[in-house]
Amino acid sequence: MRLIRSFSLALAAAFLLSTPFSLVGSAASSDAILTVSGSHPAAVTVDLDLAALEQMPHHTIATSTPWTEGVSSYEGILLRDLLHQLGVSGTTIKLTALNDYAITIAAADFDKYDVVLAYARDGQAMPVRDKGPLWVVYPLDDHPELNNEDTHAKMIWQVRRLEVE
């Protein structure tokens, strides 16, 4: 058991040291806007600041939502890419907002659709009072089958935690 724990810690440390973007050191940091945790293939908890998210490969989708006027452009990281960048995988993702609202989404959604963890809307950072700093956005206009209450419930804003299960 001790050997497995040592190997898991070494694997996690090697990953963090080889990661090509900056990570925030602790959850108490005022710069951290997202905490990601997962246990497969190894236990990992990472706090990310906006700069770290912006350094990752980004993606832009244009879509309308039930909460905004017209079509807006949302920029962020595809959720499948975020999980890949951090080396975690699972079948479900639990997302929790600043107000502790939580939703669990099947990871298969992220493979099937370009679901963005958006940090900008129409080129501007999103403040907390305007669904920011992070908002899960589905490409509703590109996939009309997604424009329903079930998908709308998955479009959580003010995301603070992401737990891969």
Per-residue Cβ neighbour rank within 10 angstrom, fewest leading, 67, 157:
67, 157
Exposure proxy check: 37, 73 ranked by fewest other beta carbons within 10 Å?
73, 37
Is the C-alpha gyration tensor of the stretch 50-164 telling us rounded, prolate or oblate? Criteria: a/c under 1.5 is rounded; beyond that, a/b larger than b/c is prolate, otherwise oblate.
rounded
Hey, with R₀ at 35 Å, roughly what FRET efficiency would residue 69 and residue 39 work out to, going by the Cβ-Cβ distance, to 0.05?
0.30
Go ahead and collect, in residue order, the members of the stretch 81-102 whose backbone nitrogen is under 18 Å from a label point 7 Å along the Cα-Cβ direction of residue 143.
81-84, 90-95
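Computed from the coordinates by the stated procedures, all read-outs in this text should not be read as laboratory data. Computed from a predicted model, the values in this text were never measured in an experiment. Note that we place each Cβ from the backbone using ideal geometry, even for glycine, and neighbour counts take in every protein chain shown.
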